[in-house]
1. Can you sort R51, R28 so the residue with the fewest Cβ neighbours within 10 Å comes first?
2. Using 19 Å as the Cα-Cα cut-off, could you pick out the over-long pairs in K63/K140; K32/K108; K92/K126?
Amino acid sequence: MTGIDSIQPEVDEVAQDYISIEDEEHIRLALKYFNYTMLFIADEPENQQTRNFTLKQYVDFVKKKAAISNDDILDEKQVSVFGFDAVQLTYKNHLDWNSRMDTLIVFKSDSQFHTIRNSSYTETYKSSLENFEQLMETMKFNEKQ
């Protein structure tokens, strides 16, 4: 392999502390910015376990994987992202010593599931969510062929 295909993704040690939904090898972007707000973008190719999953089944799989209980979920709704049906979850994340709030968007393209997750401390969640929504408006989706 040469060029961009030879680049191996690497996740910063600080970001690793906040990984809950994503498998490290599937993370495409992990950013930590103002006030320890984190942004994770990941894709997971369909595998033996997820091959026949519907979007709802994959969302349930993700909830179980990250130990997101019904008590932790503040909001769950159907949305459209990049022209795909998606589910948006807002929930309490207990991975840190201080309380965090996450907004997770999950959607499925032809060949894989995608997650986009914004994670911030409860105190900064409202402004973080506004920034996340603005960022989502500027993003484009190009599926890797």
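We did not get these values from a lab; they are worked out from the coordinates using the rules stated. Since we're looking at a predicted model, the values are computed, not measured. Every residue, glycine among them, receives a Cβ derived from its backbone with ideal geometry; neighbour counts consider all protein chains shown.
1. Details: R51 8, R28 14.
By the 10 Å Cβ count, ascending, the order reads R51, R28.
2. Values: K63/K140 26 Å; K32/K108 25 Å; K92/K126 14 Å.
Among K63/K140; K32/K108; K92/K126, the Cα-Cα distance tops 19 Å for K63/K140; K32/K108.
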